[in-house]
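Structure first, commentary second.
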Amino acid sequence: MPENRSKSILDPLVLARLQNLELRARTVAEGFISGLHQSPFRGYSLEFAEHREYSPGDEIRHIDWKVYGRTDRFFVKQFEQESNLRVNLLVDLSGSMNFRGGRAPLSKFDTAAVLAAGLAILGLRQNDSAGLALLGESGVRSVPPRSSRSHLNVILDALVSASPGGGTALSRGLETVALSARKRGLFILFSDLLDDPGSVLRSLKFLQFKRNEIKVVQLLDPDELDFPFSGSVEFTSLEDGAKLVLDAGSYREDYRKAVRRLIERYRAALRDAGIEYYCHSTDEPPDAVLRSVLRSR
């Protein structure tokens, strides 16, 4: 048993966090799959299943002409979608992800952890592989994709033991993930995207170049979106501890415009690149966020 796993089991506080995360994630997953009869995850290739006689309305491209040559009858090929997908969950560990305002139940990182754990549960239930990469200033901590049900414990433990902090290194972490990706898969990034958009977009395109499907989920706190502060307020950076005192009210409208510009820049650039983008507030129900993110699947 890995040393960090042993320590987490022996630490009552960490164990409580682990149990809390698992409970939240399972609740989110159950809420999502209620009434769902098909996996939101699908593999990339089609596997031949059987022949059946042609019926009017069937696609001509599915006719097996070799069988026709032998039998002088039209048969079409039927396929089954392989669902052995590799789901790679990427979570930003920048210090800014620790932020939680007065209206959100969880910080941005805790929200990302619940969503990632919920997706891991959904994937593993369908016998898909689920893996995790934590992108921090000190490097990338990876949990390789596995399909065993017990692998969920490894993912949950990595999320619980993670400690967001330090500066933003999102683009560098994405490059590391892209370089180490050996097989195609679905990559879902959870981040506030408070990094240089140009660098982040280049790294995502590099990952996409290796024929991966990518979804980007930008998580922002309601207070980051609305800036509901007034009067003289001291702000402290969660990344380097720098402090800034300003008259919040006089900056509110300019701040809101800057945030909208950032969101729209990511939305437009990722759309043009063929990468799915979603922006959600951390006060939204997590199962609703998952439903939004997985709707296209």
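Residue 108: which lysines have alpha carbons under 30 Å from its alpha carbon, excluding same-chain residues fewer than 8 sequence positions away?
Within the straight-line limit of under 30 Å, residue 108 reaches these lysines: 7, 183, 205, 210, 215, 243, 257.
Using 1/(1 + (r/R0)^6) with R0 = 45 angstrom and r between the beta carbons of residue 67 and residue 267, what's the FRET efficiency to the nearest 0.05? Mind dumping the intermediate values first?
Values: r = 48 Å, r/R0 = 1.07.
Efficiency at R0 = 45 Å is approximately 0.40.
By how many nm would the segment from residue 53 to residue 196 lengthen if fully extended, with 0.36 nm per residue of separation less the alpha-carbon distance? If you can, show how the numbers build up before the last one.
On the way: separation 143, 0.36 × 143 = 51.48 nm, distance 5.65 nm.
Length gained, residue 53 through residue 196: 45.8 nm.
Order of 246, 204 from fewest to most other C-beta atoms within 10 Å?
On the way: 246 13, 204 26.
In order of increasing Cβ crowding within 10 Å: 246, 204.
Please list the non-local residues whose amide H lies under 5 Å from the amide H of residue 75, H modeled 1.01 Å from N, same-chain partners needing a gap of 5 or more.
54, 64, 68
Would you mind getting me the FRET efficiency between residue 19 and residue 149? Use the beta-carbon distance for r and R0 = 22 Å, nearest 0.05.
Numbers: r = 17 Å, r/R0 = 0.79.
Once the sixth-power term is evaluated, E becomes 0.80.
Based on other C-beta atoms within 10 Å, arrange 77, 215 from fewest to most. Intermediate results must be reported in sequence, preceding the final value.
Values: 77 15, 215 19.
The fewest-first ordering by Cβ neighbours comes to 77, 215.
Which Cα, out of 244, 214, 193, lies furthest along the positive dipole direction of the range 181-263 (beta carbon charges, K/R +1, D/E -1)?
214
Readers should treat all values here as calculations from the given coordinates under stated rules, not as data from a laboratory. From a predicted model like this one, the values you see are computed outputs, not experimental measurements. FYI the Cβ positions are ideal-geometry reconstructions off the backbone, even for glycines, and counts take in every protein chain you see.
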